[in-house]
Each structure stands twice: as C-alpha cells, then as structure tokens.
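What follows is a set of notes on a single structure, which appears directly below.
Just so it is clear, none of the values below were taken in a lab; they were calculated from the coordinates. As the structure is a prediction and not an experimental result, all values here were calculated from the model. Heads up, the Cβs are rebuilt from the backbone with ideal geometry, glycines too, and the neighbour counts pull from every protein chain shown.
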Amino acid sequence: MTASCKTCGGLFDWAVTVDGNMMPVDRDTAGKPGGNLAVTRVTDRGDGHSELRCRVLGDGEQPGPAEKVAWPHWAVCSNPPKRKRDRQ
Ligand SMILES: [Zn+2]
C-alpha cells in the first residue's frame, strides 16, 4: 500500500509492525544503510494478498537474509509537520 506524504510529497509504503501498528516506510531511502527498520514483503499472507511487514532493529542489529533495511518516512521527511513545542 503506497501513500504520499501530506507535507513533502515523498512516497512511502505502509508496513505492519510486529505490534500490529502501521509504519510509513520511506521509498527513496529503502535499502540505504543506517535505517532502523527491517522490512519483509510477505507475498501471500494466506488470503492471496501481499503485505509489507517491518520490525525495528536494535542497536547494531543487522536485517536477516529476507529482510531489507529501511527508514521510517518521518525520520527522513524533508518537510515534517511542525510540532507545537518547536520554535521558529
Ligand atoms: Zn514527508
């Protein structure tokens, strides 16, 4: 499931975390070293649909052979939404 960021227009894919939450996985930086996500494409989750899954890597942990390192979009967004506590 691909979506685009409301503020920067960048593309990301929604992935399901191990907790069942949705994580925006950035497309442009997929595979770029340093990301803290390990992403797996499940081609058939049992009902004929494919799904993207991800887990957060620990400190120094490497992704497995079937996993790809990736970044959450909010970590690389070029125009992240302003937070109330941020000062101009
Ligand atoms: Zn963005």
*With the contact rule set at Cα under 8 Å and sequence spacing of 6 or more, what percent relative contact order holds for the chain?*
30 percent
*Treating the beta-carbon of each Lys and Arg as +1 and of each Asp and Glu as -1, no other charges, what is the dipole magnitude of the range 2-78 about its Cα centre, to the nearest 20 debye?*
160 debye
*State the answer as a single residue: which of VAL56, CYS77, VAL18 lies farthest towards the positive end of the charge dipole of the chain, with beta carbon charges of +1 for Lys and Arg and -1 for Asp and Glu, about the Cα centre.*
CYS77
*asked:* Are there any GluC sites (Glu not before Pro) in the chain that are in a DSSP loop and have at most 14 other Cβ atoms within 10 Å? List them by number.
replied: GLU61
